[in-house]
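Chemist: This is the structure I have questions about; it appears just below.
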């Protein structure tokens, strides 16, 4: 049963959990019109007379519970569904929502627009942390994971990429229907659909990619070492946690790349033919272990995502003949000392969740822990972490407990100073 997030309590709803989302979407890029049918498999955590879902500014045509139409209200980002009869705790039941409209991003003060957004030609979904309701009704809380089936119908010139494995595709006149299945539990913010006129490629190890034709040659060079990154990270972190890893490059520029489960999305500006953004390739790949497989139980623990992915950049640099992790750590420490010494990365506050210091201090924390434990114990701890919490959610306290099992030296003071003290140790 979903619990309120300490940073984002307005998102997510108590009393139930969603076990599976079956999304059937029809999208018309020129009109920017989305028609959706979402069928949710729900498990009641307590006795219910209805439930509340997160959903953005669509026209909701109909809601059914166990196949029967029910009453509902929709406003303020919440879809309130009234069951025809009481639902006992532990009951597994279906909720179907039929809706239509122009998807609009969720607007936030701190992070701008989140979720479904228009490209110059196509669409992109970038939901972290609360953008999922911009395109489907959901229980939008980071600690809850569900499996997905995502079906998208779009004009035939367009390629559609979504989470999971492509299991079916049907061409019908001027449109094509794409069916993806994600059978590994996934948080709502990691669900994604990418639509554009892309060329479909494969890297040397069969990893799929969708790239604008004009960028194919540069992409082949810039992402050519991604298979080697997978080999390194599997050696250091454990087996790749999903069935597939796809990359999308949009024809538009993006401020930053986008992480999703089993998918990473880069802007055209991240492909220069010179591997100028290769650290970002490593960063987004590492999120598949840290953030996607091992998910957050609460947004306050965001350093477990971003600090680990940032440190993976350093590890790849070391492996590929660039600067060593120690050299990067020294440079990073000098840079951090010039910045504000007022952030506690283990609990940075909602406004500073994505502050660059969370990334950099998180990576520096891990490198320092590596020097304390030694390489063998450090990487053994990381592999235990990814194995123990594979496809689950976890907290900072649970990571500290894993690290402590790999040394006789008490680590409480170490983590207190590195995670919960404003001044850089």
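Chemist: For the pair residue 52 and residue 171, how long in nm is the line joining their label points, each one 7 Å along Cα→Cβ?
Modeler: Distance between label points: 4.8 nm.
Chemist: Mind jotting down the three principal axis lengths of the stretch 294-419 based on Cα atoms? Whole angstrom, largest first.
Modeler: Cα extents, longest axis first: 36, 36, 28 Å.
Chemist: Taking Cα atoms, how many degrees apart are the long axis of helix 325-337 and the longest axis of the chain, rounded to 10 and kept between 0 and 90?
Modeler: So the inclination is approximately 80 degrees.
Chemist: Starting from 0.36 nm per residue, how many nanometres of slack lie between residue 43 and residue 339 once their C-alpha separation is accounted for?
Modeler: Additional length available on full extension: 101.9 nm.
Chemist: Relative to the present Cα-Cα distance, how much length would full extension add between residue 371 and residue 350 at 0.36 nm per residue of separation?
Modeler: This chain segment gains 4.5 nm when fully extended.
Chemist: I'd like the FRET efficiency for residue 61 and residue 231, computed as 1/(1 + (r/R0)^6) with the beta carbon distance as r and R0 of 60 Å, rounded to 0.05.
Modeler: E between residue 61 and residue 231, to the nearest 0.05, is 0.75.
Chemist: Remind me, relative contact order of the stretch 294-419 in percent, using alpha carbon pairs under 8 angstrom and six or more residues apart? List each step's numbers first, then the result.
Modeler: Values: 122 pairs, mean separation 46.5, N = 126.
Result for the stretch 294-419 is 37 percent.
Chemist: While we're on this one: For the stretch 267-287 and the stretch 1-49, what is the centre-to-centre distance using only Cα atoms, to the nearest Å?
Modeler: 32
Chemist: Further question on the same structure: Between the helical axis of 356-373 and the dominant principal axis of the chain, each derived from Cα atoms, what acute angle in degrees is found, rounded to the nearest 10?
Modeler: Value to nearest ten degrees: 50.
Chemist: Over the chain, with a Gaussian network built from C-alpha contacts below 10 Å, which listed residue (128, 226, 398) shows the highest mean-square fluctuation?
Modeler: Comparing 128, 226, 398 in a Gaussian network model of the chain, the most mobile one is 398.
Chemist: Further, regarding this structure: What percent does the relative contact order of the chain come to when contacts are Cα pairs within less than 8 Å and at least six residues apart? Let's see the in-between values first.
Modeler: Working: 956 pairs, mean separation 50.7, N = 425.
Relative contact order comes out at 12 percent.
Chemist: Quick one: which of 242-252, 159-169 comes out on top by average Cβ neighbours within 10 Å, and what's the full order, highest first?
Modeler: Details: 242-252: 21.4, 159-169: 19.2.
Put in order of decreasing packing, that is 242-252, 159-169.
Chemist: Using mean Cβ contacts within 10 Å as the protection proxy, how do 416-423, 46-53 order, highest first? Write down the numbers at each step before the final one.
Modeler: Values: 416-423: 14.8, 46-53: 17.0.
Those peptides, ordered most packed to least, come out 46-53, 416-423.
Chemist: Indicate, rounded to the nearest 5 percent, the antiparallel portion of the DSSP beta bridges found entirely in the chain.
Modeler: Percentage antiparallel, nearest 5: 80.
Chemist: Expressed as a rounded percentage, what relative contact order does the stretch 1-63 have, with Cα pairs under 8 Å and six or more residues apart? Numbers along the way, then the final one.
Modeler: Values: 80 pairs, mean separation 19.8, N = 63.
Averaging sequence separation for qualifying contacts and normalising by length gives 31 percent for the stretch 1-63.
Chemist: Can you give the FRET efficiency for residue 331 and residue 14, using 1/(1 + (r/R0)^6), R0 = 41 Å, r = Cβ-Cβ distance, to the nearest 0.05?
Modeler: Given R0 = 41 Å and the Cβ-Cβ separation, E is 0.35.
Chemist: Evaluate E = 1/(1 + (r/R0)^6) for residue 387 and residue 31, where r is the Cβ-Cβ distance and R0 equals 41 Å; express this FRET efficiency to the nearest 0.05.
Modeler: My answer for the efficiency is 0.30.
Chemist: Output the peptides 67-77, 178-188 sorted from most to least packed, where packing is the average of other Cβ atoms within 10 Å over each peptide's residues.
Modeler: Numbers: 67-77: 13.0, 178-188: 21.6.
Final packing ranking: 178-188, 67-77.
Chemist: Continuing with the same structure: Choose one answer from 363, 335, 44: the residue with the largest mean-square fluctuation in a GNM of the chain with alpha-carbon springs under 10 Å.
Modeler: It is 335.
Chemist: Kindly provide the helix-only [θ] at 222 nm of the chain, computed as the sum of -39,500 (n - 2.57) over DSSP H runs of four or more divided by all residues, to the nearest 500 deg cm²/dmol?
Modeler: Helices in the chain give a 222 nm mean residue ellipticity of -8000 deg cm²/dmol.
Chemist: Now, a different point. Test of understanding: what is the full-extension gain from residue 255 to residue 221, defined as 0.36 nm times their sequence separation minus their Cα-Cα distance?
Modeler: 10.1 nm
Chemist: With each label point set 7 Å from Cα along the Cα-Cβ vector, what nm distance links residue 121 and residue 213?
Modeler: Computed distance between label sites residue 121 and residue 213 equals 0.9 nm.
Laboratory data are not the source of any read-out in this text; all were calculated from the coordinates shown. As the structure is a computational prediction, the values presented were derived from the model and not from experiment. Don't worry about glycine lacking a Cβ; one is built from the backbone with ideal geometry, like all the others, and counts go over all protein chains shown.
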